[in-house]
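The values are calculated or read from the model by the stated rules, or taken from the named source; none is laboratory data. Because the structure is a prediction, the values reported are computed rather than measured. Methodologically, a virtual Cβ is constructed for each residue, glycine included, from the backbone with ideal geometry; neighbour enumeration extends over all protein chains shown. Remember, those area values only see protein heavy atoms, side chains included, never the ligands or the DNA or RNA. Shrake-Rupley method; radii C 1.70, N 1.55, O 1.52, S 1.80 Å.
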Amino acid sequence: MKLIKGNFIYSIDKDNIEVKENQYALIKDGKIEGFYSEIPENLENIEITDYKDNIIIPGLIDLHVHAPQYAFRGMGMDMQLLDWLNTYAFKEEGKYRDLEYAKKQYSKFVNDVKNSATTRLSIFATLHKEATIMLMDLLEEAGIKAYVGKVNMDRNAPEFLTEDTEKSKEDTIDWLEETKDRYENIKPILTPRFIPSCTNNLMTEINKINDKYNIPVQSHLSENPSEIEWVAELHPDTNNYAQAYDKYNLFGKENKTIMAHCVHCPDDELDLIKQNNVTIAHCPQSNANLTSGIAPIKKMLGMGIEVGLGSDIAAGSSLSIFRAMSDAVQVSKLREAMTGEANQILTLSEVFYLGTKGGGKFFGNVGSFGKGYEFDAVVLNDESFGDNSNFTLKERLERIIYLSDDRNIVAKYVAGKKII
Ligand code: GUN
Ligand code: FE
């Protein structure tokens, strides 16, 4: 058990932020036990860490990121999705066949994640089994918690980044067997890249693997109009993109599922997302960079759909989920300004929720400081912004979201363990 003292700020739900000013949090078995204004009588001899006037918030959650694309982030932002994949993403991912290259690049990615405010992620690796295991090993060593997916793709990519259907299936099973019981922090997630990348036979095989291993699923959905049109041609028996996953039982229900983007979902697709309890990863920076559009997040939240945030490196250029929060606010305002539709604007409370508790739900009791929540936390010193003495703690949180970078991070905990 230990006590941690400071100013705690966390999300209760999308509309409510809780503030515990100058309090002690009691952490037991890596989880929040409760808050106290004074040291409880029976606990006078336990370890106390006093973070003084610093602000302590839940660790941020990145629900959608491509680790092998980190090396070329901030480049090629003049294209839309399908051209960008062919010109940049596939070429870079092909290099992860070379384990030395993978080690160099994945080490940089993991080091930067470790030093960021993010504590949990859901990650796409590449189709390469060995490099994927290497990424999982590096994340485990860093103390980060993550789902990591070996990508499945057996069509519509260059030969150097296309698997044979049978090999894709075998490598996926080998990867699951080899990593079983290997990690404390890292779990596998099935990762059919997106519908245009996977033949019907491969989708059938992934479904069978899922029946046996029963693990979560992640993919992309309704990101770009040309992509959506292509999916409709590939699956003429469907009414929407989501049905192409649902046909193979890879769309929520008993499988926890993350779908990235969801910018252009028709109403029946949103209904299926809600009905099947699929989680949406909103990636505002990526959707601006690739001219994909602006997802109707306010509407999704209103429907009770689960939503979190994703950096979507490298279509998103920044790894920061603080940046994703401010981007989410900004693009929602542009959506209202440009479409004339009312009630599109996301509040600070809503984006703070999306980047913490909303995304955290995918990992269990994560992303908040309610009793029983895993203690994932970031301690932030905001003195570098100037004199804060006249600001409330909520105002200081807003400034942290808009202004902070890794230099403001004083300490970081994952499930009660201090990792920086
Ligand atoms: N759709 C399929 N693959 C990708 C990818 O790597 N990035 C993004 N943004 N969308 C995709
Ligand atoms: Fe993506």
If you go through the stretch 158-181 one residue at a time, do you hit one that is within 14 Å of ligand 1 (Cβ to nearest atom), surrounded by fewer than 18 Cβ atoms within 10 Å (Cβ to Cβ) and closer than 23 Å to Asn289 by Cβ?
-> yes
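Got a sec? Which of Thr132, Thr118, Thr126, Thr87 is of a type outside the set (A, V, I, L, M, F, W, C) and within 16 Å of the chain's Cα centre (by Cα)?
Values: Thr132 fails: within 16 Å of the chain's Cα centre (by Cα); Thr126 fails: within 16 Å of the chain's Cα centre (by Cα); Thr87 fails: within 16 Å of the chain's Cα centre (by Cα).
Of the residues listed, the single one that is of a type outside the set (A, V, I, L, M, F, W, C) and within 16 Å of the chain's Cα centre (by Cα) is Thr118.
Count, please, the residues in the stretch 118-135 that happen to be surrounded by fewer than 24 Cβ atoms within 10 Å (Cβ to Cβ) and hydrophobic (A, V, I, L, M, F, W, C).
2
Of these, Met77, Met134, which one is out of contact with any Leu (no Cβ under 6 Å at 6 or more places or on another chain), modelled with pLDDT under 95 and either assigned to a helix (DSSP H, G or I) or within 16 Å of ligand 1 (Cβ to nearest atom) (or both)?
Result of the check over Met77, Met134: Met77.
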Among helices (runs of 4 or more DSSP H) completely within the stretch 220-290, the ones holding 3 or more residues that are within 16 Å of ligand 2 (Cβ to nearest atom) and open to solvent by less than 10 Å² (accessible area, probe 1.4 Å) are 284-289
Using the structure shown, decide if Ile215 is in contact with a Ser or Thr (Cβ under 9 Å, 6 or more places away or on another chain) and either more than 15 Å from ligand 1 (Cβ to nearest atom) or under 30 Å from Gln330 (Cβ atoms) (or both).
-> no
Ile209 vs (1) in contact with a strand residue (DSSP E or B) (Cβ under 8 Å, 6 or more places away or on another chain); (2) closer than 19 Å to Gln69 by Cβ; (3) part of a helix (DSSP H, G or I); (4) not hydroxyl-bearing (Ser, Thr, Tyr): all pass except (2)
Give the stretch 340-371 a look and list any residue that's of a type outside the set (D, E, K, R), outside any helix (DSSP H, G or I) and within 15 Å of Glu18 (Cβ to Cβ), or say none.
-> Gly367, Ser368, Phe369, Gly370
